[in-house]
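Below is one structure; the comments refer to it alone.
The values are calculated or read from the model by the stated rules, or taken from the named source; none is laboratory data. Given the structure is predicted, the values throughout are model-derived calculations rather than measurements. When we count neighbours, we look across all protein chains shown, and the Cβ atoms used for this are built from the backbone with ideal geometry, even at glycine. Side chains included, ligands, DNA and RNA excluded: accessible areas come from the protein's heavy atoms. Shrake-Rupley method; radii C 1.70, N 1.55, O 1.52, S 1.80 Å.
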Amino acid sequence: MQRNVPFYKIVAGTHFAVDAFSYGDIPNVNNYFLTHFHSDHYSGLKKSFNKLLFCSQITADLCTSRLGVNPKHIQIMNLDETITIEGVEVTAVDANHCPGAVMLVFTLPNGKTLLHTGDFRASPAMESYPVFWNKDIHTVYLDTTYCNPRYDFPTQDQSLEMALHLLRQKKASLEEAGKKFASVLIVCGTYTIGKEKFFMGMARRVGCAVWACPEKERVLRAVEGRQAQQTRALPQACQLHVVPMRDLTHEKLRAYLDSLEGVFSEVVAFKPSGWESGKEAAVQKDLVTIYGIPYSEHSSFPEMIRFVNFLKPKQVVPTVDISGGIKAVQKYFPCPLAYKEDLRSQSRVTDYFSAQSRQQVHAVS
């Protein structure tokens, strides 16, 4: 039985679907877009995919190497280049999320422009994107992961500086006791792709090499251009290790420390996530200390509001359920939040899926 497709995964007025691979063949959808390579967005994409997929080069490389998608079905989108698909102008711009993540700007034949952010972290730099100056954005399909005023976490640079400050404190205390900072194993949580700016920035500032498991190393080669000789380094020769976020537990990190056969005397681990905002900063047990760092690759609430205020769209379509409910945050937005049954075009979107013979879909009004 075919699952219902969330309305926000279809670009109204087009035959395009965004991050919608777990619903089978969607009626009247000819072109599929993947904003970035996170499993909650590419779920359902597999080797048998035989439609046309549009994405960035990094995302394409991961789709072929990790999912087995045939390259002949992939169309690479270069940043800031406009292509025309079925009469619709499409421009991909940097989403400031994980490597390869893009936002998508769609300009329909009638001149109406829609923006799908995918997952993104809004920044003032986006306000200089030419496409946002040259187009009036009518509708924004908005990443509302942290759409609640309580989510006011630091910038990425500030979060990285928080972690570096903790390491400087650790270094000073060790040296005061006559010990070497090199005896500390620094561990950073990561995903298949994501948090690279955090741990690579930390490695550059500390001046140490990064070790990752072979699977993660292949991803780093794709996104960072790391050299082959770096992949042959032994874990004992690198002070900073990246591990899956799920492995940031005291039990697993203590076992990991023991597996390195006495090269390091303790572990200082970092869990970089926006969800760490407001939580206890550190949990220490035995030879392992885990710090939660409010480093996010999604927009904070103030960043989100600033971005929408800059674009001045006619409406915003949330793509993530809003904490506290839509009425609690509508007052912060300069335009209506169109959500589920409140979206005035919902009936037309429903018709889009139920009437396979329908050839045209009207734009969001």
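Quick one, which of (i) 22.2; (ii) 24.8; (iii) 21.2 is the actual Kirkwood radius over Cα pairs in Å calculated for this model? Of the labelled values, this structure produces (i). For segment 78-161, the relative contact order comes to 20 percent (Cα pairs under 8 Å, sequence separation of at least 6).
Determine the relative contact order of segment 139-237: mean sequence separation of Cα pairs under 8 Å and six or more apart, normalised by residue count, in whole percent.
On the way: 32 pairs, mean separation 18.3, N = 99.
18 percent.
Other residues with beta-carbon under 10 Å from the beta-carbon of Phe33 carry, at +1 per Lys or Arg and -1 per Asp or Glu, a net charge of 0.
Report the relative contact order of the chain, percent, no decimals, based on alpha-carbon pairs under 8 angstrom and at least 6 residues apart. Mind showing how you got there, number by number?
Numbers: 683 pairs, mean separation 67.5, N = 365.
Relative contact order, the chain: 18 percent.
Look at the Cα gyration tensor of segment 35-95: its axes a ≥ b ≥ c give a/c of at least 1.5 with a/b over b/c, and that counts as prolate.
In this simple spin-label approximation, Cys213 and Ser265 carry label points 7 Å from Cα along the Cα→Cβ vector, and these lie 2.9 nm apart.
Rounded, prolate or oblate: which fits segment 121-170, taking a ≥ b ≥ c as square roots of the Cα gyration tensor eigenvalues, rounded meaning a/c under 1.5, else prolate when a/b beats b/c? The shape class here is oblate. If you roll a 1.4 Å probe over the heavy atoms of the protein chains, what accessible area per residue do you get for the chain, in Å²? Result: 46 Å² per residue.
So what is the calculated 222 nm ellipticity per residue for the chain, using -39500 (n - 2.57) for each DSSP H run with n of 4 or more, over all residues, to the nearest 500 deg cm²/dmol? Working shown, then result.
Details: 11 runs with 101 residues, N = 365.
Rounded to the nearest 500, the figure is -8000 deg cm²/dmol.
Considering only GluC sites (Glu not before Pro) in DSSP loops that have at most 13 other Cβ atoms within 10 Å, the longest stretch of the chain without any of them is 87-260.
Annotation note: trypsin sites (Lys or Arg not before Pro) in segment 23-122 located in DSSP loop regions with a Cβ neighbour count of at most 14 within 10 Å are Lys46, Lys47, Lys51.
Classified by the C-alpha gyration tensor, segment 40-151 has an oblate form. Its axis ratio a/c, with a ≥ b ≥ c, is 1.5 or above, and a/b does not exceed b/c.
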